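Visitor: Pasting a structure here, questions to come.
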Amino acid sequence: MRFLDLLVMSVNNLRRRKLRTALTVLGVVIGTASIVVMMSLGIGMSEMQMELMESYGSMTAINVYSDMYSTQNSSKEPAHLTDETIEAIRRMDHVEGVSPLLNVNVILKQGQYVASYVSLVGVNQDYMKQITVGEGTYPVMDGSEVQLLVGNWVIQNFSNGKQNSSYYETGELPPVDLMNDPLYIIYDVDGYYTSMNGGNGDGTPVKPPKKYLVPVAGIVEGGIEDANQYSWSVYTDLEALKKQLKQVFKKNPIPGQPTNKKGKPYNYFIYNNAVVYVDDIDNVKAVQEAITDMGFQANSNSEWMEQSKKQSQMIQMVLGGIGAVSLFVAAIGIANTMMMSIYERTKEIGVMKVLGCDMGNIRNMFLIESGFIGLLGGVIGLILSYGISYLINHFPVAASMMGGMEGDISRIPLWLSGSALGFAVVVGMVAGFLPAIRAMKLSPLAAIRNE
Amino acid sequence: MAETEKGKEKPIIQVKNLYKIYRVGESKVYALNGVDFSLNKGEFCAVVGPSGSGKSTLLNMMAGLEKPTKGEIIIAGTHIEKMTESQLVTFRRQNVGFIFQSYNLIKTLNAVENVALPLSFRGVGKKERTEKAKQYLKLVGLEKQMDRMANEMSGGQQQRVGIARALAVNPRIIFADEPTGNLDSKTTKEVLKLMRRIVREQNQTLIMVTHDNYLAGFADKQIHIVDGKVMKIEEQNHDDEEEL
Ligand SMILES: Nc1ncnc2c1ncn2[C@@H]1O[C@H](COP(=O)(O)OP(=O)(O)OP(=O)(O)O)[C@@H](O)[C@H]1O
Ligand SMILES: [Mg+2]
């Protein structure tokens with residue numbers, strides 16, 4: 001028998017008993033919708049959590065610190081983050097990039113407006129390309145010149161020294177135009193304040209430290225509302241910054257650089273911390289362990305994420321399970337309907353067998369019928385799910401339940417709708433399997449006996 | 001001429017020492033009690049006997065609907081008593097047409113679809129089988145009722161649809177269990193005449209069960225059964241155009 005004929009026959013059989021078919025389909029609709037909606041909530045929650053975590057920093061980044069405290073009292077030299085260690089880390093497996101962070105506090109000045117204790121961070125290309133630039137471009141990274149990429153919240157630090165002029169008091173941004181008006185930078189913060197306070201202890205006035213005109217290449221993306229991890233600092237090319245610092249401080253110790261046991265500065269740069277970028281989330285843990293073994297402190301979002309991943313998997317399973325129960329009930333409904341249908345059609349099935357209809361065809365006919373109930377229920381159930389999902393996401397009550405987090409709580413990814421549909425069909429066919437076998441084995445004689 | 005031709009041919013149906021014993025509680029019912037006969041191709045055979053004599057049982061076993069307790073049934077050289085159920089279905093699909101006493105049309109299909117149904121089991125395409133079904137419905141004189149649903153037709157019309165359904169697959173053998181049982185005597189004659197004409201034209205073998213001796217008289221061969229045993233076998237020749 002041709003498949004198309006079989007299909008037409010099955011569908012016609014379903015159409016014959018519209019009400020019963022509709023009720024059975026309704027069961028599957030409810031079952032599918034409850035699974036999909038429940039799962040979509042679980043997925044939405046875990047994805048929102050992921051997004052939240054990602055806003056705190058990349059999932060594949062590891063922060064490395066030199067372990068100052070545990071070695072402080074021992075006679076050993078502390079493990080310092082130097083260019084050498086950076087290169088060692090770069091050579092590790094699965095490491096895609098690594099950038100040291102050379103952190104110095106500087107003062108930025110434009111006209112009357114001064115921003116004190118701004119953190120200027122020297123980074124390399126690996127780090128710089130993680131930052132999204134809003135206005136302007138990236139600074140040059142060839143070590144030639146210090147150009148700034150200014151965090152989008154840094155502007156809040158500028159004030160003109162008068163009372164009630166800072167952003168924190170007025171809520172208004174100072175009239176500073178970082179991109180277009182000249183901006184000066186002062187590296188010697190201590191010197192600046194000594195001169196501001198009228199000189200050092202014995203009252204002799206001190207010349208204010210030199211200020212340098214500094215070009216601003218760009219501003220980190222984001223308005224005054226949305227913060228990210230790059231919003232508060234100013235970034236520049238590491239090599240250019242090193243050169244500049246050496247030039248500014250000459251033989252004097254550079255502030256922030258540690259000294260050896262004798263109180264002398266090292267003749268190379270020691271970094272406060274570094275960021276390592278790993279190729280895949282799954283490798284973060286291994287790389288992190290390797291770095292810890294080198295004597296550094298390392299942390300990443302991976303532990304936190306792993307834990308919350310497990311948790312959200314649990315939630316998804318529980319929610320999916322609740323939905324599955326109603327689909328199971330629907331499956332019983334399908335089996336029942338098919339059984340009824342066989343009792344009604346005993347004679348018809350018998351006649352078909354007498355006329356030479358293949359046993360497999362009879363079985364398939366019933367399987368197609370029950371599978372079709374599953375498919376129909378699955379499709380309608382999916383449409384319903386999308387509707388419910390939309391309502392959940394657009395009801396303020398539901399949104400407030402998530403503690404005001406941004407984004408949709410109920411999310412139906414394509415794989416979920418696809419597998420829900422497949423699942424509904426499979427459930428239909430499994431439920432119809434025993435009835436189908438029963439129909440196949442019906443005795444043809446029963447049919448031709450006069451009842 | 002006809003005699004010698006028939007003599008050379010192997011019989012299309014051979015039944016040898018056939019037994020069917022039903023167990024009803026403690027007792028045994030010998031529905032068939034050692035039946036032997038053979039039929040040639042193109043013969044119209046009537047199985048006659050009183051009610052409960054085992055006619056239907058015999059027919060069902062020849063059609064492969066029931067397994068014999070003992071004995072052999074050889075159809076076109078194949079032993080069907082050894083076949084599995086699905087082999088029997090295939091055998092019926094390829095060789096057998098069946099006409100039921102109670103018509104057994106599929107209620108949800110119209111006349112054409114009913115006749116085309118066994119063709120669809122054979123995998124014939126929709127266009128071809130509809131054409132064939134219409135052709136056979138014309139043959140049985142139902143040009144005007146082709147689109148009627150089964151229960152929108154009279155008994156005689158339904159039986160003619162049933163006959164068209166059995167013939168449309170062009171089977172080698174047609175089994176009919178009291179095909180005219182529910183029809184009045186005039187329609188009975190029409191239907192019988194029709195069956196005999198078509199079967200003759202296409203050189204098919206027809207086996208009909210009836211308890212009416214008068215109707216059995218139209219057959220080439222009459223097998224009389226009483227209490228599960230063959231009492232006698234009568235043969236007679238009929239003219240095609242003979243009035244019933
Ligand atoms: N399934 C069965 N179980 C027990 N006994 C049966 C069964 N089928 C038939 N019989 C018995 O076998 C015998 C023959 O039955 P069968 O149906 O062949 O009779 P028949 O000649 O066709 O009668 P009728 O003309 O009334 O149709 C009867 O005595 C019947 O009671
Ligand atoms: Mg009978």
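Visitor: Among the residues of region A:206-247, how many are closer than 18 Å to residue A:103 by Cα and of a type in the set (Lys, Arg)?
Guide: Of the residues in region A:206-247, 3 are closer than 18 Å to residue A:103 by Cα and of a type in the set (Lys, Arg).
Visitor: Just wondering, is there one or more residues in region A:423-435 that are in contact with a Leu (Cβ under 7 Å, 6 or more places away or on another chain), assigned to a helix (DSSP H, G or I) and farther than 23 Å from residue A:6 by Cα?
Guide: No: zero hits.
Visitor: Can you work out which of the residues in region B:42-56 that are more than 14 Å from chain A (Cβ to nearest Cβ) and within 18 Å of residue B:220 (Cα to Cα) is nearest to ligand 1 (Cβ to nearest atom)?
Guide: Restricting to residues being more than 14 Å from chain A (Cβ to nearest Cβ) and within 18 Å of residue B:220 (Cα to Cα), the top hit is B:49.
Visitor: Kindly provide the set of residues from region B:221-230 that are within 16 Å of ligand 1 (Cβ to nearest atom) and part of a strand (DSSP E or B), ordered by number.
Guide: B:222, B:223, B:224, B:225, B:226, B:229, B:230
Visitor: Within region B:69-89, track down each residue that is more than 7 Å from chain A (Cβ to nearest Cβ) and among the polar types (S, T, N, Q).
Guide: Passing the criteria: B:69, B:78, B:84, B:87.
Quick grid of which residues meet (1) in the same structural domain as residue A:41 (by TED's automatic domain parsing); (2) surrounded by 14 or more Cβ atoms within 10 Å (Cβ to Cβ); (3) among the aromatic types (Phe, Trp, Tyr):
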site	(1), (2), (3)
A:290	no, yes, no
A:300	no, yes, no
A:314	yes, no, no
A:317	yes, no, no
A:320	yes, yes, no
A:325	yes, no, no
A:328	yes, no, yes
A:331	yes, yes, no
A:340	yes, yes, no
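Visitor: Could I ask something else about it? Mind checking whether some residue in region A:126-133 is surrounded by fewer than 13 Cβ atoms within 10 Å (Cβ to Cβ) and not in a helix (DSSP H, G or I)?
Guide: yes
Visitor: Do you know which of the residues in region B:90-134 that are free of Cβ contacts under 8 Å to residues at least 12 places away in the same chain and under 19 Å from residue A:440 (Cβ atoms) is farthest from the other protein chains (Cβ to nearest Cβ)?
Guide: Ranking the candidates gives B:90 first.
Visitor: Also: Going by what's in this entry, would residue B:174 be described as of a type outside the set (Gly, Ala, Ser) and within 16 Å of ligand 1 (Cβ to nearest atom)? Don't jump to the end; show me each part of the working.
Guide: Numbers: of a type outside the set (Gly, Ala, Ser): yes; within 16 Å of ligand 1 (Cβ to nearest atom): no.
Criteria not met by residue B:174.
Visitor: With the condition kept exactly as written, say whether any residue in region B:16-29 is among the basic types (Lys, Arg), within 14 Å of chain A (Cβ to nearest Cβ), within 10 Å of ligand 1 (Cβ to nearest atom) and under 30 Å from residue B:237 (Cβ atoms). Working first, answer last.
Guide: If we filter region B:16-29 for residues that are among the basic types (Lys, Arg), which is where we start, we get B:16, B:20, B:23, B:28.
Applying the additional criterion that residues be within 14 Å of chain A (Cβ to nearest Cβ) yields B:20.
Then drop every residue that is not within 10 Å of ligand 1 (Cβ to nearest atom), which leaves B:20.
Filter once more, keeping what is under 30 Å from residue B:237 (Cβ atoms): none.
Within region B:16-29, not a single residue is among the basic types (Lys, Arg), within 14 Å of chain A (Cβ to nearest Cβ), within 10 Å of ligand 1 (Cβ to nearest atom) and under 30 Å from residue B:237 (Cβ atoms).
Visitor: Then there's this: So which of B:85, B:81, B:113 ends up being closer than 28 Å to residue B:191 by Cβ and either at pLDDT below 90 or of a type in the set (Asp, Glu) (or both)?
Guide: None of the others qualify; the one that does is B:113.
Visitor: Those residues that are facing chain B (nearest Cβ under 7 Å) and over 59 Å from the mean Cα position of the chain (by Cα), I need them from region A:349-370; list them, please.
Guide: A:351, A:353, A:354, A:355, A:356
Visitor: Can you spot a residue in region B:143-153 that is closer than 26 Å to residue B:65 by Cβ, within 14 Å of chain A (Cβ to nearest Cβ) and either away from ligand 2 (no atom under 16 Å from the Cβ) or buried (at least 21 other Cβ atoms within 10 Å of the Cβ) (or both)?
Guide: Within region B:143-153, one or more residues are closer than 26 Å to residue B:65 by Cβ, within 14 Å of chain A (Cβ to nearest Cβ) and either away from ligand 2 (no atom under 16 Å from the Cβ) or buried (at least 21 other Cβ atoms within 10 Å of the Cβ) (or both).
Visitor: Scan B:166, B:150 and give me the residue that is touching a Gly at 6+ places or on another chain (Cβ under 7 Å) and touching a residue at least 12 places away in the same chain (Cβ under 8 Å).
Guide: Of the residues listed, the single one that is touching a Gly at 6+ places or on another chain (Cβ under 7 Å) and touching a residue at least 12 places away in the same chain (Cβ under 8 Å) is B:166.
Visitor: Continuing with this model, one more query. Could we say that residue A:186 is touching a residue at least 24 places away in the same chain (Cβ under 8 Å) and closer than 28 Å to residue A:257 by Cα here?
Guide: yes
Visitor: Quick check: is even one residue across region B:3-10 more than 16 Å from ligand 2 (Cβ to nearest atom), surrounded by fewer than 20 Cβ atoms within 10 Å (Cβ to Cβ) and under 18 Å from residue B:222 (Cβ atoms)?
Guide: Looking for residues that are more than 16 Å from ligand 2 (Cβ to nearest atom), surrounded by fewer than 20 Cβ atoms within 10 Å (Cβ to Cβ) and under 18 Å from residue B:222 (Cβ atoms), one finds at least one in region B:3-10, hence yes.
Visitor: Read through the list (1) in a loop (DSSP other than H, G, I, E, B); (2) under 15 Å from residue A:355 (Cβ atoms); (3) facing chain A (nearest Cβ under 9 Å), then give the number of the only condition that residue B:66 fails.
Guide: (2)
Visitor: Can you tell me which residue among A:273, A:283 is touching a residue at least 40 places away in the same chain (Cβ under 8 Å) and over 19 Å from residue A:83 (Cβ atoms)? Steps first, please.
Guide: Values: A:273 fails: over 19 Å from residue A:83 (Cβ atoms).
Matching residue, one of A:273, A:283: A:283.
Visitor: If you take the residues of region B:184-220 that are within 16 Å of ligand 2 (Cβ to nearest atom) and either within 14 Å of chain A (Cβ to nearest Cβ) or in a helix (DSSP H, G or I) (or both), which of them is modelled with the highest pLDDT?
Guide: Checked region B:184-220; the qualifying residue modelled with the highest pLDDT is B:209.
Visitor: Looking only at region B:50-87, count how many residues are within 13 Å of residue A:445 (Cα to Cα) and more than 16 Å from ligand 2 (Cβ to nearest atom).
Guide: Number of matching residues: 3.
The values are calculated or read from the model by the stated rules, or taken from the named source; none is laboratory data. If you're wondering where the values come from, they're calculated on a predicted model, not measured in any experiment. Here Cβ is always computed from backbone atoms with ideal geometry, including for glycine, and neighbour counts include all displayed protein chains.
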